[in-house]
1. Output yes when any residue across region 157-171 is within 18 Å of the chain's Cα centre (by Cα), part of a loop (DSSP other than H, G, I, E, B) and of a type in the set (Lys, Arg), and no when none is.
2. Does Glu159 meet the test of being at pLDDT 95 or above and of a type in the set (Asp, Glu)?
3. Can you say whether Val80 is touching a residue at least 60 places away in the same chain (Cβ under 8 Å), surrounded by 15 or more Cβ atoms within 10 Å (Cβ to Cβ) and of a type in the set (Val, Ile, Thr), as far as the supplied structure shows?
4. Give the residues of region 84-107 that are within 23 Å of Thr172 (Cα to Cα) and in a loop (DSSP other than H, G, I, E, B), sorted by residue number.
5. Is there a residue in region 29-43 that is part of a loop (DSSP other than H, G, I, E, B), touching a strand residue (DSSP E or B) at 6+ places or on another chain (Cβ under 8 Å), closer than 30 Å to Asp168 by Cβ and touching a residue at least 40 places away in the same chain (Cβ under 8 Å)?
6. Looking only at residues that are of a type in the set (Ser, Thr, Tyr) and within 16 Å of Thr42 (Cβ to Cβ) in region 94-146, which one is surrounded by the fewest Cβ atoms within 10 Å (Cβ to Cβ)?
7. Among the candidates Arg107, Arg131, which residue alone is out of contact with any strand residue (DSSP E or B) (no Cβ under 9 Å at 6 or more places or on another chain) and of a type in the set (Lys, Arg)?
8. Report whether or not Glu68 is touching a Pro at 6+ places or on another chain (Cβ under 9 Å), assigned to a helix (DSSP H, G or I) and among the charged types (D, E, K, R).
Amino acid sequence: MATRSKRGALKRLALNRVYRCLEPGPVILVSTFRDGKANVMTASSHVVLLPDPPRVGLGLGPWNHSYEALLSSGECVIAVPGADLAEKVMDIGNCSGADVDKFQRFRLTALPAGLVAPPLIGQCLYNLECRVCDDRLVEEHFFFLFDVVRAWVNPARKERRTLHHNGDGTFTLSGRTINLKERMVRWPEFTFE
C-alpha cells in the first residue's frame with residue numbers, strides 16, 4: 001500500500017511494452033535490392049538523428065528477409081505511405097520477401113531511384129534514398145545508421161495523413177496540425193514550408 005501511495009495513480013508497465021510509449025514516427029516501407037530482385041518490408045523502429053545533413057537510424061535484424069540485402073548493398077529506400085495504404089502496409093509486414101514478390105502482390109509501383117539501386121515506391125508520400133554510413137551497431141543491436149542522399153515528395157497524393165503503429169496491430173493516424181511556428185525562435189531554420 002505504501003508503494004502505491006508514493007506513486008499516486010501510476011501503475012507499472014511491463015518492459016516489453018515500452019516501445020509503445022515512444023513510437024514517434026510514421027510507419028515506413030523499406031525497399032531493398034539484391035540479386036536482381038527488389039523487396040519491401042514494413043518497419044516502425046526508426047528515428048531521425050540529424051536534420052542537416054539528414055541521418056536516420058533503423059532497427060532491422062536477421063529475422064527480416066531484407067536484412068541480408070541491406071548488409072550486402074548498404075542501400076535502401078525509406079518510403080512513407082499515406083493512411084490510405086494501411087491494409088497494404090500491414091499485409092506487407094506479415095509476409096516474407098523470401099516467399100513472395102511483394103511489389104507484384106501488393107501492386108506497388110517501383111520507380112527508379114537516382115543514387116541507389118533499391119526502387120522508390122510510387123504510391124508513397126515521401127521516398128528517401130539512403131546509404132549506410134555507420135554499421136558499428138548492427139552486429140550487437142541490429143541498428144543501421146543511414147545518410148539520406150536524395151529525397152522525393154509526391155505532391156499529387158491526396159491522402160497526406162501518416163500511420164503510427166501502436167505496437168499491437170492498431171494504428172493512430174496523424175491528424176490536425178497545431179501551428180506554433182512563431183514560438184520556434186531557437187530553431188527558425190526548421191520552420192520552412
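The values are calculated or read from the model by the stated rules, or taken from the named source; none is laboratory data. In this text the structure is predicted, and so the values were computed from the model without any measurement. Cβ atoms come from the backbone with ideal geometry, glycine included; neighbour counts cover every protein chain shown.
1. Within region 157-171, the subset within 18 Å of the chain's Cα centre (by Cα) is 159-171.
If we keep only those that are part of a loop (DSSP other than H, G, I, E, B) too, we end up with 159-161, 166-170.
Keeping just the survivors that are of a type in the set (Lys, Arg) gives 160-161.
Yes, there is a match, as at least one residue in region 157-171 is within 18 Å of the chain's Cα centre (by Cα), part of a loop (DSSP other than H, G, I, E, B) and of a type in the set (Lys, Arg).
2. On the way: at pLDDT 95 or above: no; of a type in the set (Asp, Glu): yes.
Spelling it out, it is not the case that Glu159 is at pLDDT 95 or above and of a type in the set (Asp, Glu).
3. Details: touching a residue at least 60 places away in the same chain (Cβ under 8 Å): yes; surrounded by 15 or more Cβ atoms within 10 Å (Cβ to Cβ): yes; of a type in the set (Val, Ile, Thr): yes.
So Val80 passes the test.
4. Our first condition is that a residue be within 23 Å of Thr172 (Cα to Cα); within region 84-107, this holds for 84-95, 106.
Scanning region 84-107 gives Gly93, Asn94, Cys95, Phe106.
5. Initial filter on region 29-43 (part of a loop (DSSP other than H, G, I, E, B)): 35-36.
Within this subset, residues satisfying the condition of being touching a strand residue (DSSP E or B) at 6+ places or on another chain (Cβ under 8 Å) are none.
For region 29-43, residues part of a loop (DSSP other than H, G, I, E, B), touching a strand residue (DSSP E or B) at 6+ places or on another chain (Cβ under 8 Å), closer than 30 Å to Asp168 by Cβ and touching a residue at least 40 places away in the same chain (Cβ under 8 Å): absent.
6. The first filter runs over region 94-146 and keeps only residues of a type in the set (Ser, Thr, Tyr), leaving 96, 109, 126.
Still in the list and also within 16 Å of Thr42 (Cβ to Cβ): 96, 126.
Values: Ser96: 13, Tyr126: 19.
Looking at the filtered set, the residue picked out is Ser96.
7. Numbers: Arg131 fails: out of contact with any strand residue (DSSP E or B) (no Cβ under 9 Å at 6 or more places or on another chain).
Result: Arg107 is the single residue among Arg107, Arg131 that is out of contact with any strand residue (DSSP E or B) (no Cβ under 9 Å at 6 or more places or on another chain) and of a type in the set (Lys, Arg).
8. The answer is yes for Glu68.
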